[in-house]
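These notes concern the structure reproduced below.
What follows is calculated from the coordinates using simple rules that are stated; it is not laboratory data. Just so you know, these numbers come straight off a predicted model, no measurement behind them. Neighbour counts are summed over all protein chains in view; Cβ atoms, including those assigned to glycine, are modelled from backbone coordinates with ideal geometry.
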Amino acid sequence: MTAPPLPSSPGRIRAEILIVLGLSLGMSALYAIVNIINRATRDVPLNQQTASINVSRDQREVFDLVYQLLGIAAALVPVALVVFLLWQPQRPRLGRLGIDGTRPWRDTVDGIGLAALVGIPGLFVYLGGRELGLTVTVVPTDLGAYWWTVPVLLLAAVRAGVLEEVIAVGYLFARLRELGWGPWAIIFTSSLLRGAYHLYQGVGAFVGNFLMGIVFGWLYQRFGRLLPLVIAHTVLDAVIFVGYPWAAAAFPALFGVPG
């Protein structure tokens, strides 16, 4: 005899949220908060410190590649958990996450347009934060020049887009709605989380990502589609990760690279 499913009481939903965030972006936010306190209490100003995102994991090329792929796969496990938790027996299976697969081309075009819309202001926020001494110098990639470097960076961009948008937007919106939260309370909370786990890059990064979260959250609340957000985030990170070496070489002073 199959036991009946346990009711989704508010207490269980809150516990589930804490577990999911504890396995993913919530823990990243705690690490980032400790990191920024550590950085802010050093004698070196924030804009003279460096934070690297994609770094080498081993001196030997083959093991570096294996570790990179394992890291990407491990980061997506919480996404698999969220998909499992919100999977619906009827179509669309991932409708509660804002994913129905009915208009992939339109979602792709919207995502690319959104990336262009937020990408340029985001660059100015980053550069302004560095000028004000509120943001560290971010090095998007510090990997060696191997045959697999660009593919791995593209996979890292996909990982970031999927992980952050599925959990910080799709999952949180679904569960907080079930708890009776209002739209703007959810948007603000989602944006605060997004800013918090970027704090390791400095206060400027917190502000920029918080504002990005407001835009993304409002669009999700308005249209209920997650794929454009995932695509926009992936495109932004792909351009940053892959284009950084060229940009840093072409404009070293702008990106804080020693001459």
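What whole number of Å gives the distance from the Cα centroid of the stretch 1-80 to the Cα centroid of the stretch 148-179?
12 Å
Within 10 Å of each candidate Cβ there may be at most 14 other Cβ atoms; applying that plus a DSSP loop requirement, which GluC sites (Glu not before Pro) in the stretch 134-226 survive?
Within the stretch 134-226, no GluC sites (Glu not before Pro) qualify (loop, at most 14 other Cβ atoms within 10 Å).
Can you work out the PRE-style zone for Arg14? Point 7 Å along Cα to Cβ, and I want the residues of the stretch 165-190 with backbone N under 15 Å.
Within reach of a label on Arg14: 176-181.
Could you give the angle, 0 to 90 degrees to the nearest 10, between helix 10-22's Cα long axis and the longest principal axis of the Cα atoms of the chain?
30 degrees
Compute a Gaussian network model of the chain, connecting alpha carbons closer than 10 Å, and tell me which residue from Gln201, Gln90, Gln68 fluctuates the most.
Between Gln201, Gln90, Gln68, it is Gln90 that shows the largest mean-square fluctuation.
Residue-wise, which Karplus ³J(HN,Hα) couplings in Hz belong to the stretch 178-183, taking 6.51 cos²θ - 1.76 cosθ + 1.60, θ = phi - 60°, and x for glycine or proline?
5, 7, x, 6, x, x
Helix 203-223: angle to the longest alpha-carbon principal axis of the chain, degrees 0 to 90, nearest 10?
It is inclined by approximately 30 degrees.
Take the Cβ-Cβ distance between Leu179 and Leu85 as r, set R0 to 22 Å, and report the resulting FRET efficiency rounded to the nearest 0.05.
Details: r = 15 Å, r/R0 = 0.67.
Given R0 = 22 Å and the Cβ-Cβ separation, E is 0.90.
Suppose we flag trypsin sites (Lys or Arg not before Pro) only when DSSP calls them loop and at most 12 other Cβ atoms lie within 10 Å. Which is the longest uninterrupted stretch of the chain?
Between the exposed loop sites, the longest stretch runs 61-259.
Suppose R0 equals 30 Å; then what is the FRET efficiency for Leu127 and Arg93 from their Cβ-Cβ distance, rounded to the nearest 0.05?
According to the calculation, E is roughly 0.10.
If we count every other residue with Cβ under 14 angstrom of Leu69's Cβ, Lys/Arg +1 and Asp/Glu -1, where does the sum land?
With Lys, Arg at +1 and Asp, Glu at -1, the neighbours total -1.
Extension gain Leu76-Thr108, at 0.36 nm per residue separation less the Cα-Cα distance, in nm?
Taking 0.36 nm per residue and subtracting the Cα distance, the gain is 9.4 nm.
Using DSSP to call loops (not H, G, I, E or B), can you name the chymotrypsin sites (Phe, Trp or Tyr not before Pro) in the stretch 71-139 whose Cβ has at most 16 other Cβ atoms within 10 angstrom?
Numbers: sites: Phe84, Trp87, Trp105, Phe124, Tyr126; in loops: Trp87.
Listed in order of number, the matching sites are Trp87.
Quick one: among Phe173, Phe188, Phe210, which has the greatest mean-square fluctuation in a GNM of the chain with alpha-carbon springs under 10 angstrom?
Phe188
Taking other Cβ within 10 Å of each residue's Cβ, how do Ile167, Ile37 sort, fewest first?
Starting with the residue having the fewest Cβ neighbours, the order is Ile37, Ile167.
So what's the back-of-envelope 222 nm ellipticity for the chain, counting only DSSP H runs of four-plus at -39500 (n - 2.57) apiece and dividing by all residues, rounded to 500?
After summing the helix terms and dividing by residue count, I get -21000 deg cm²/dmol.
Angle check, please: helix 227-250 long axis (alpha carbons) against the longest principal axis of the chain (alpha carbons), in degrees 0 to 90, nearest 10.
Between helix and principal axis, roughly 10 degrees.
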